[in-house]
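What follows is a set of notes on a single structure, which appears directly below.
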Amino acid sequence: MRKTHVIGGVLALVIGAGVPAPAHADTASRIHWGPVRSSAGHAGHAEADVWITDFGAETFAVYGRLHDRDTHRGHCAYARARFHYVGGGTGWSRPRSTCSAKSSFRLTSDGQINRVDVKVCLYDTRLRKAFTCHVDAIKPEIIANWPQ
């Protein structure tokens, strides 16, 4: 799977849009991790096209598009992130889900992190339970070895 590193940040986006940038604009790079898909074993699946901010950022963000590719009524796409903080400990983001073909999502940390686990599942709305989940562990060491 090819991962693409995109140089840029909020400042570049703001300038490109023709809107004046605030003095404290975040210039952290954006990194395209790629698709994370729920595990197999079911007729449908959930998929997220994942982007992340730089690990050096004070508030780390996982964002992108969440796709519900399950035709069963009451099965939706679900995404959640588990942040591993630099000072120790972990914390889960609030889950995001959609029953539409695609929807944007953004999951943020409460501080600087050194690892994030991105979890994508199908979600049964009747049972209120996630199933057929897949987790991608994203670490700075993995991204550092990608070709630029």
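The values are calculated or read from the model by the stated rules, or taken from the named source; none is laboratory data. If you're wondering where the values come from, they're calculated on a predicted model, not measured in any experiment. Virtual Cβ from ideal backbone geometry, glycine too; neighbours counted across all protein chains shown. When the accessible area is computed, the model is the full protein with side chains, heavy atoms only, and any ligands, DNA or RNA have been set aside. Shrake-Rupley method; radii C 1.70, N 1.55, O 1.52, S 1.80 Å.
Quick one: with all protein chains in place, what share of the accessible area of the range 38-119 is carbon or sulfur, to the nearest percent (1.4 Å probe)?
42 percent
List the residues whose amide H sits under 5 Å from the amide H of D54, counting only those 5 or more places along or on another chain, with H placed 1.01 Å from N in the peptide plane.
S29
If ligands, DNA and RNA are left out, what is the accessible area of C121 with a 1.4 Å probe, given in Å² to the nearest 10?
The value for C121 is about 0 Å².
Hey, got a sec? Which trypsin sites (Lys or Arg not before Pro) in the range 68-148 land in a DSSP loop and have at most 14 other Cβ atoms within 10 Å?
Answer by residue number: R73, R126, R128.
Each residue of the range 113-121 in order: what ³J(HN,Hα) in whole Hz does its phi give by Karplus 6.51 cos²θ - 1.76 cosθ + 1.60, θ = phi - 60°, with x for Gly and Pro?
Running phi through 6.51 cos²θ - 1.76 cosθ + 1.60 with θ = phi - 60° gives 10, 10, 6, 9, 10, 9, 10, 10, 9 Hz.
Near the amide H of I138, under 5 Å away, which other amide H atoms are found, from residues 5 or more places off or on another chain, if H is placed in the peptide plane?
Answer set, sorted by chain and number: V116, D117, V118.
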